[in-house]
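Right, one structure below, let's go through it.
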Amino acid sequence: MQHSSLFAAMVVALAVVTPAAAQTGVIKGQASYRERIALLPGAVFEATLEDVSRADASATVLGTARVDGAGAIPIRFEIAYDPQKIDPRMSYAVRGRIVSADGRLMFTTVRAYPVLTRGAGSEVDLLLVRAGSGGPAPQAPTTPTASGGGNVAPAPSSQAAPAPQEDLATQLANPIANLISVPLQNNWDFSIGPDELDWNAARYTVNIQPVIPFSMGENWNLVTRTIMPVVAAGSPGPDIEGAAGFGDIVQSFFFSPKEPVGGWILGAGPAMLYATASDRLLGAGQWGVGPTAVGLQQKGALTYGALVNHLWTYAGDDDRDEVNATFMNPFFSYITPKKTTYTISPEISYDWTNEQWIAPINFVVSQLMMAGRQPYSIGGGLRFYMDTPTGGPAWGIRFTFTMLFPK
């Protein structure tokens with residue numbers, strides 16, 4: 001009787017365990033890189049399967065793979081996951097990286113590779129790029145390896161994985177990211193007018209700033225950034241009427257490598273000034289052209305870099321001063337795990353014709369959010385003028401609203 005009871009218990013246990021094991025899904029893939037560089041002994045390849053559906057939260061890890069002693073390229077791997085955690089309405093992706101024996105990041109993916117839903121399958125080929133910095137690699141999720149394989153880890157229930165290049169908040173901090181965005185930048189400037197008259201006029205400017213990237217083959221993007229100002233300006237002094245309408249449009253074209261160059265995200269190209277102002281008070285009355293460039297680094301939660309341009313007149317009203325102006329915009333951003341971004345951003349202009357500086361420094365806090373499946377960002381802050389022409393503003397406030405359209 002005891003043997004019969006024991007046999008029955010074993011049958012019940014097998015009946016319970018077998019279906020659960022049969023439900024395990026597997027992502028199969030391989031990883032490679034273009035550089036002709038041999039991996040050092042002890043290098044480790046790591047891959048993660050992530051739920052990347054939410055733009056306002058860190059990606060959730062659903063499975064990991066680890067290949068110790070990664071050597072020959074391509075590196076083949078398998079990621080085990082629980083199919084019951086896959087929602088066909090959501091988005092899932094695989095990322096990978098190679099870490100040296102002393103924990104330094106050597107190669108990493110710079111975009112997510114979709115799998116499982118929205119037309120993607122369960123096989124993936126990862127292209128890794130050489131890491132730009134020699135700093136320690138961020139901590140990867142650690143889980144026990146599955147028995148037998150040595151390179152497949154079971155899916156943890158929830159764990160955030162770093163995704164510095166694909167996180168929307170990080171992309172938003174990059175002025176030439178491969179991301180369509182439509183920022184509406186609202187600026188209110190105060191204390192405009194002659195100080196001796198205590199004039200204190202105000203000016204409101206909303207800059208409509210669509211950013212649209214275009215792929216130009218395997219290695220390059222063309223990113224267009226357009227600034228279309230709409231202005232309502234109070235009278236800046238005695239016997240000068242205020243005005244409202246359109247300002248001059250500035251459009252920049254950045255040719256940008258798709259992969260970082262020595263750890264730097266770079267872009268350069270022409271900038272154009274269009275004499276589109278609807279009132280003399282709102283624009284320069286000149287058509288201009290010149291070079292523009294941007295360079296930045298993104299390391300974890302930090303983004304820092306600078307955008308510059310210079311514009312010269314090539315046509316315009318003869319009775320207006322020619323444009324000969326340099327613009328410099330260094331920026332520094334810090335992004336919290338909750339996708340709150342703190343930004344310091346001077347916007348420095350020098351008018352070589354009139355030998356005048358305009359130099360506001362902006363302090364802005366923004367938050368990435370979701371409306372259904374639509375990501376957007378809202379933010380606000382203060383600006384203070386370190387230098388300005390006589391009668392220029394002393395301080396201001398900024399409010400931003402940005403719609404994001406991930407590819």
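The values are calculated or read from the model by the stated rules, or taken from the named source; none is laboratory data. Remember, predicted model here, so these are calculated numbers, not experimental data. Cβ sites come from the backbone with ideal geometry, for glycine too, and all protein chains shown count toward neighbours. These area figures cover heavy atoms from the full protein model, side chains too; ligands, DNA and RNA do not enter into them. Shrake-Rupley method; radii C 1.70, N 1.55, O 1.52, S 1.80 Å.
Lys and Arg at +1, Asp and Glu at -1: add these up for the other residues within a Cβ distance under 14 Å of His310 and post the number.
With Lys, Arg at +1 and Asp, Glu at -1, the neighbours total -2.
Which lysines have a Cα lying under 21 Å from the Cα of Lys85, excluding residues fewer than 8 positions away in the same chain?
Leaving aside lysines fewer than 8 places away in the same chain, those within reach of Lys85 are Lys28.
What's the local net charge at Gln209, with K and R +1, D and E -1, over the other residues with C-beta under 15 Å away?
Once all neighbours under 15 Å are counted, the net charge is 0.
If R₀ is 35 angstrom, what is the calculated FRET efficiency for the pair Asn186 and Ile86, using the beta carbon separation as r and rounding to 0.05?
Approximately 0.30, to the nearest 0.05.
Quick check: pseudo-label points 7 Å beyond the Cα along Cα→Cβ at Ala359 and Asp319, how many nm apart are they?
Taking the simple label geometry, Ala359 and Asp319 are separated by 3.5 nm.
Expressed as a whole number of Å, what is the distance separating the alpha-carbon centroids of the range 326-367 and the range 58-134?
One Cα centre to the other: 35 Å.
Ignoring any ligand, DNA or RNA, what whole percent of the accessible area of the range 284-407 comes from carbon and sulfur when the probe is 1.4 angstrom?
64
Got a sec? What order do Arg203, Arg320, Arg34 fall in by accessible area at 1.4 Å, biggest, i.e. largest, first?
Arg34, Arg203, Arg320
Viscosity 1.002 mPa s, temperature 20 °C: Stokes-Einstein D of the range 358-406 from its Kirkwood Cα radius, in µm² per second?
Diffusion coefficient, whole number: 172 µm²/s.
Could you tell me the accessible area of Trp188 in Å² (1.4 Å probe, neighbours in place), rounded to the nearest ten?
About 90 Å², rounded to the nearest 10.
Quick check: pseudo-label points 7 Å beyond the Cα along Cα→Cβ at Glu347 and Glu123, how many nm apart are they?
5.1
Under 17 Å from a point 7 Å along the Cα-to-Cβ line of Glu218: which residues of the range 236-275 have their amide N that close?
257-260
What is the P(r) of the range 214-327, as percent of Cα-Cα pairs per 10 Å bin from 0?
14, 33, 29, 17, 7, 1
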